[in-house]
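Reading through the structure tokens given below for one structure.
The values are calculated or read from the model by the stated rules, or taken from the named source; none is laboratory data. As the structure is a computational prediction, the values presented were derived from the model and not from experiment. Reconstructed Cβ throughout: ideal geometry from the backbone, glycine too, with neighbour counts over all protein chains shown.
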Ligand code: CO
């Protein structure tokens, strides 16, 4: 049911510092500006790779869900993996029917790519926080 790996989410205390790593050390040449996703409580920016993306996420606000992660992992770290699905509602219902816990009470949110996303609890996913996002209709990232 899952399709392409769309991106790997990496939490960081500072996107600006992380950009230096991806650009200057790893040599990434295409990195977006950062912007705020207020509803999700994060700053976000994408490192574009030939076959995928790294999503850098930094807390925005005291209620940011990233704060707890960074409390446990002060230097940041791998936070979630995002797979594409054809239909987010069908995917949500399928996960729920299989006994998985879908975060945000199963209500999809519009993600950083402008398409609906859900998150499935790591306890059901072998310890990995899994984001499912509807494949963008234009096929673009
Ligand atoms: Co993501």
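Would you check if residue 65 is within 14 Å of the chain's Cα centre (by Cα), within 16 Å of the ligand (Cβ to nearest atom) and either at pLDDT 95 or above or exposed (fewer than 15 other Cβ atoms within 10 Å of the Cβ) (or both)?
no
In the list 27, 77, which residue meets the criterion of being surrounded by fewer than 15 Cβ atoms within 10 Å (Cβ to Cβ) and out of contact with any strand residue (DSSP E or B) (no Cβ under 8 Å at 6 or more places or on another chain)?
27
Take region 109-140 and flag every residue that is part of a loop (DSSP other than H, G, I, E, B) and more than 13 Å from the ligand (Cβ to nearest atom).
Once the filter is applied, which keeps residues that are part of a loop (DSSP other than H, G, I, E, B) and more than 13 Å from the ligand (Cβ to nearest atom), region 109-140 yields 121, 125, 126, 127, 135, 136, 137, 138, 139, 140.
Can you run down the residue pairs with Cβ atoms below 6 Å, 6 or more apart or on separate chains, where the first is in region 1-15 and farther than 29 Å from residue 61 by Cβ and assigned to a loop (DSSP other than H, G, I, E, B) and the partner is away from the ligand (no atom under 11 Å from the Cβ) and modelled with pLDDT of 95 or more?
Short answer, once both residue conditions are applied: 3/84; 4/84.
When you check residue 82 against the structure, is it within 20 Å of residue 123 (Cβ to Cβ), away from the ligand (no atom under 16 Å from the Cβ) and surrounded by 15 or more Cβ atoms within 10 Å (Cβ to Cβ), yes or no?
No: the conditions fail for residue 82.
Assess whether residue 78 counts as being within 15 Å of residue 9 (Cβ to Cβ) and modelled with pLDDT under 95.
no
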